[in-house]
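S.K.: Right, I'll just put the structure down here and ask away after.
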Amino acid sequence: MGLRDLPAVHRLIGLLAEVFPDVPAQWLLEAARASLEQARQTLRAGNAQPSIAQIVAHAEHLLRQRQQLPLRPVINATGVIVHTNLGRAPLSAAAQQAIISASAGYSNLEYDLAQGERGSRNSLLEPQLQRLTGAEAALVVNNAAAAMLLCLSCFAQGREVIVSRGHAVEIGGGFRIPDILRQSGCTLVDVGTTNRSYLHDYTAAITNQTAVLLHVHASNFQVLGFTHEPSVAELAQAAHAQQKLLICDLGSGALLDTQAFGLAAEPTVQQLINDQADLVVFSGDKLLGGPQAGLIVGKRSLIDQLRKHPLLRALRVDKLTIAALSATLMAYETQRASHEIPIWRMLGCSLAELEQRALPMLAEYPAAQLVATHATIGGGSLPGSSLPSRGLALDGAAEALSAHLRANDPPIVGRIHAQRLILDLRTVLPEQDAVIVAALAALNSA
């Protein structure tokens with residue numbers, strides 16, 4: 001058998017059309033041609049001719065791949081709760097529903113229903129953030145780096161910003177605080193040393209050109225041992241004595257006490273506002289548990305200036321972000337965050353519950369063991385902190401098992417440790433357990 005024995009393109013298209021009746025004809029043609037070309041290459045390499053069933057199966061695989069959207073749901077079994085590569089914080093059911101409601105039709109995004117006139121999207125979230133943080137005013141942009149860019153461009157362009165050398169950090173993806181300062185048109189004045197900075201280092205560096213003292217919370221790294229830095233309250237007092245601003249980049253932006261979940265203490269947004277920071281910047285999709293956003297809270301007079309800055313339009317959030325963030329904040333306002341927001345549910349889940357959830361999985365895959373693990377926060381939050389967890393350690397070739405589960409629909413992503421594939425259950429949503437059970441059953445019977 002040879003090249004002449006391969007099925008004609010039109011025959012292959014007919015077979016594919018029976019399985020994919022609603023797929024465009026051009027897709028069927030391209031899949032048929034690609035599958036036949038692979039068959040030709042197989043023959044030219046001296047291998048056995050693929051059967052018609054194999055050729056059709058390959059074309060069907062190509063069509064299914066093409067039908068998949070590029071952004072796909074994934075089951076996170078890595079044990080990293082705020083996993084940046086897997087989309088950071090999963091949204092609550094209320095936030096998901098809010099997105100659907102806001103996108104299904106029109107909304108009052110920029111319309112004042114009471115007055116019957118144009119409104120502003122920039123004021124929709126402010127009341128909730130005022131109540132939750134105690135700040136005078138609030139503004140939301142599309143991410144925390146954008147929030148910092150806006151603040152520095154507005155208040156320090158062409159002037160100096162004082163930063164501790166220990167705070168001139170990289171915040172992820174190659175974005176560094178010094179780079180953001182330069183892009184904002186500011187001059188960086190670094191003071192102190194990497195491990196020790198004192199209040200007098202800041203005050204000695206203040207000149208007529210100084211606009212801002214910048215405090216960057218070490219949310220994605222640790223400096224241990226011989227360390228010192230002034231408190232936010234001390235920096236605020238020193239800045240205000242010289243009529244300068246104190247801007248705090250809090251990073252993760254917790255609104256709940258992390259110590260109540262067995263984690264290290266993390267300063268809350270409320271604490272920094274109480275410490276008299278002029279502006280506090282934090283993320284929406286980390287410890288807050290909402291969508292990607294950069295939240296700015298602080299003094300009314302400063303927020304009003306940010307609202308008028310030309311950059312704001314380029315950095316503004318869309319209606320879907322506003323909807324999801326508002327629903328997320330509502331969970332905090334109603335004191336339901338700990339059991340409605342997925343990341344806090346994960347943090348609060350007991351070891352006994354994780355062990356109970358593992359039982360159906362172990363039953364389907366006897367070559368797995370229940371093991372003690374440690375889950376981490378991730379996403380540049382609480383470095384060095386971890387939580388005891390439970391996971392399944394799968395016996396077998398770890399890389400092959402990992403690839404097999406990543407090919408599942410939906411994909412299951414674990415981590416390889418000590419040459420074993422680990423599925424950490426702390427980061428698996430309970431409603432996803434059945435998917436893992438089915439995947440392990442299929443794996444066991446393969």
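S.K.: Looking only at the stretch 49-75, which residues are among the polar types (S, T, N, Q) and either over 30 Å from the mean Cα position of the chain (by Cα) or in a loop (DSSP other than H, G, I, E, B) (or both)?
M.R.: Selection gives 49, 51, 54, 68.
S.K.: Could you list, in sequence order, the residues of the stretch 366-399 that are crowded, with 21+ Cβ neighbours inside 10 Å and of a type in the set (Ser, Thr, Tyr)?
M.R.: Result: 373, 376, 381, 389.
S.K.: Now for a different question. Give the number of residues within the stretch 6-48 that are more than 14 Å from residue 61 (Cβ to Cβ), part of a helix (DSSP H, G or I) and either within 38 Å of the chain's Cα centre (by Cα) or not assigned by TED's automatic domain parsing to the domain that holds residue 63 (or both).
M.R.: Of the residues in that region, 1 qualify.
S.K.: I'd like to verify a number: residues in the stretch 265-292 that are aliphatic (A, V, I, L, M) and either in contact with a Pro (Cβ under 9 Å, 6 or more places away or on another chain) or under 20 Å from residue 334 (Cβ atoms) (or both), how many?
M.R.: Final tally of qualifying residues: 3.
S.K.: Next question, about the same structure. Looking at (1) more than 26 Å from residue 379 (Cβ to Cβ); (2) surrounded by fewer than 16 Cβ atoms within 10 Å (Cβ to Cβ); (3) touching a Gly at 6+ places or on another chain (Cβ under 6 Å), which one does residue 201 not meet, given that it meets all the others?
M.R.: It is condition (2) that residue 201 fails.
S.K.: Is there any pair linking a residue in the stretch 109-123 that is on the phi > 0 side of the Ramachandran plot to one that is loosely packed, with under 14 Cβ neighbours inside 10 Å, with Cβ under 8 Å and at least six apart or on different chains, and which?
M.R.: Here the result reads none, with nothing in the stretch 109-123 linked to a residue that is loosely packed, with under 14 Cβ neighbours inside 10 Å.
S.K.: Taking the condition touching a residue at least 40 places away in the same chain (Cβ under 8 Å), crowded, with 23+ Cβ neighbours inside 10 Å and either charged (D, E, K, R) or out of contact with any Phe, Trp or Tyr (no Cβ under 8 Å at 6 or more places or on another chain) (or both), does residue 287 pass?
M.R.: It is true that residue 287 is touching a residue at least 40 places away in the same chain (Cβ under 8 Å), crowded, with 23+ Cβ neighbours inside 10 Å and either charged (D, E, K, R) or out of contact with any Phe, Trp or Tyr (no Cβ under 8 Å at 6 or more places or on another chain) (or both).
Okay, residues lined up against (1) small (Gly, Ala, Ser); (2) modelled with pLDDT under 95; (3) in a helix (DSSP H, G or I):
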| site | (1), (2), (3) |
| --- | --- |
| 260 | yes, yes, yes |
| 266 | no, yes, no |
| 270 | no, no, yes |
| 277 | yes, no, no |
| 285 | no, no, no |
| 322 | no, no, yes |
| 330 | no, no, yes |
| 338 | yes, no, yes |
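S.K.: Determine if the stretch 222-238 includes at least one residue that is in the same structural domain as residue 335 (by TED's automatic domain parsing), of a type in the set (Asp, Glu) and within 28 Å of residue 347 (Cβ to Cβ).
M.R.: Yes.
S.K.: Just one of (1) free of Cβ contacts under 8 Å to residues at least 40 places away in the same chain; (2) assigned to a loop (DSSP other than H, G, I, E, B); (3) over 25 Å from residue 319 (Cα atoms) trips up residue 78, so point out which.
M.R.: Checking residue 78 against (1) free of Cβ contacts under 8 Å to residues at least 40 places away in the same chain; (2) assigned to a loop (DSSP other than H, G, I, E, B); (3) over 25 Å from residue 319 (Cα atoms), the one that fails is (1).
S.K.: If you check 301, 326, which single one turns out to be among the polar types (S, T, N, Q), closer than 26 Å to residue 252 by Cα and in contact (Cβ under 8 Å) with a residue 24 or more places away in the chain?
M.R.: Matching residue, one of 301, 326: 326.
S.K.: Okay, moving on. Residues that are under 21 Å from the mean Cα position of the chain (by Cα): which helices (runs of 4 or more DSSP H) entirely in the stretch 341-446 hold 3 or more of them?
M.R.: 342-348
The values are calculated or read from the model by the stated rules, or taken from the named source; none is laboratory data. Keep in mind it's a predicted model, so treat the numbers as computed, not measured. In this analysis, Cβ positions are derived from the backbone assuming ideal geometry, glycine residues included, and neighbour counts consider all displayed protein chains.
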